[in-house]
Amino acid sequence: MSGPEAVARQVRARRAGALPSEGGPLYGLVLAGGKSRRMGRPKWALEYHGEAHALHLREMLTEHCELAFLSLRPDQAAEPGVAGVPLVVDAVEDLGPLGGILSAMRLHPGAAWLVLACDLPFVSHATLQHLLARRQRASLATAYRSPQDGLPEPLCAIYEPSALRRLEEAAGDGRRCPRKVLIDAGATLIDSLDARELTNANLPTEYELALASLARGDRMTQAKSVTIDYFAVLREARGEARETLETAAATAAELYEELRARHGFPLPRSVLRVAVNDDFVPWEHELRGGDRVSFIPPVAGG
């Protein structure tokens with residue numbers, strides 16, 4: 001941890017205006033130590049709201065937690081952009097997000113932690129308040145349920161002090177996935193107010209789409225059920241011709257980029273055509289619940 005003067009200022013501010021925590025403090029943690037290989041530049045420093053997004057999220061957390069920290073790799077701790085910011089520096093290597101959460105819990109083992117990934121462009125105070133209001137302290141963790149697969153969203157969740165032992169066990173076994181820890185522990189799962197707020201931006205195209213959406217002032221959209229038909233190389237890549245899923249994508253373009261990130265589709269959007277309910281539409285076409293969407297590659301596959 002670094003930035004002791006910043007920590008002291010934050011403690012004084014919280015004491016002046018915040019309600020005390022029951023049963024131990026609640027701290028906030030923004031996971032910003034990923035290597036951002038798919039994005040091609042540090043995700044923590046991308047700007048959606050006029051400043052590095054990890055710093056924006058940390059400021060949000062200060063309104064809900066007694067202290068809020070950035071989680072970084074040791075080689076990031078000296079970067080000018082984080083000077084004076086309270087940090088948790090990874091004490092364990094090569095464990096990804098699990099290592100960041102574990103490092104924070106080792107540093108303050110009596111605290112609960114509200115954890116956020118730094119790649120959530122749309123997350124709002126309402127989503128944090130909704131999570132806090134449904135927090136189950138007797139559970140190892142309280143997390144949102146993924147609208148895509150119903151599994152825990154481990155990077156928008158509250159980890160109770162009792163989670164430390166489970167995370168230590170996972171690290172000792174070389175396991176990297178905090179989602180599996182939450183599944184095995186039977187974490188409390190809740191439904192989100194707005195599933196789009198849990199959407200990650202991991203690729204440059206997703207970053208640009210998120211920027212455009214925020215610039216337009218788009219309202220967050222509720223998750224909807226759509227059916228997707230796959231053809232040719234997309235069907236081969238997916239391993240099936242059709243699937244039905246819940247998505248928060250507002251447009252056909254956003255849906256394809258979501259699927260491309262999830263399934264590793266090789267084709268860029270520029271070489272495809274899209275049809276909704278058997279009619280060709282522009283990529284900006286707004287999706288509705290119950291739509292049937294077809295992504296149609298070139299005849300030769302690209």
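The values are calculated or read from the model by the stated rules, or taken from the named source; none is laboratory data. Everything quoted here is computed from the prediction, not taken from an experiment. Quick reminder, even Gly has a Cβ in these numbers, built from the backbone with ideal geometry, and neighbours come from all protein chains shown.
Some notes on this structure:
- One residue stands out among those in the range 156-167 that are surrounded by fewer than 23 Cβ atoms within 10 Å (Cβ to Cβ) and in contact with a helix residue (DSSP H, G or I) (Cβ under 7 Å, 6 or more places away or on another chain): the one that is farthest from Arg262 (Cα to Cα), which is Leu164.
- Residues that are under 16 Å from the mean Cα position of the chain (by Cα), crowded, with 22+ Cβ neighbours inside 10 Å and of a type in the set (Asp, Glu) are absent from the range 185-199 altogether.
- The residue list Glu160, Glu246 contains one member that is touching a Ser or Thr at 6+ places or on another chain (Cβ under 8 Å) and under 18 Å from Gly99 (Cα atoms), which is Glu160.
- Answer residue from the range 11-54, given it is more than 30 Å from Ala215 (Cα to Cα) and modelled with pLDDT of 50 or more and is surrounded by the fewest Cβ atoms within 10 Å (Cβ to Cβ) among those: Glu22
- Within the range 119-138, the set of residues being exposed (fewer than 14 other Cβ atoms within 10 Å of the Cβ) and either in contact with a Leu (Cβ under 7 Å, 6 or more places away or on another chain) or among the aromatic types (Phe, Trp, Tyr) (or both) comprises Ala126 only.
- Within the range 33-77, the set of residues being in contact with an Asp or Glu (Cβ under 9 Å, 6 or more places away or on another chain) and more than 30 Å from Arg260 (Cα to Cα) comprises Glu59, Ala68, Pro74.
- Checked against the criterion of being outside any helix (DSSP H, G or I), of a type outside the set (Asp, Glu) and in the same structural domain as Leu31 (by TED's automatic domain parsing), the range 161-172 contains one or more residues that satisfy it.
- The one condition in (1) out of contact with any strand residue (DSSP E or B) (no Cβ under 7 Å at 6 or more places or on another chain); (2) surrounded by 18 or more Cβ atoms within 10 Å (Cβ to Cβ) that Pro204 fails to fulfil: (2)
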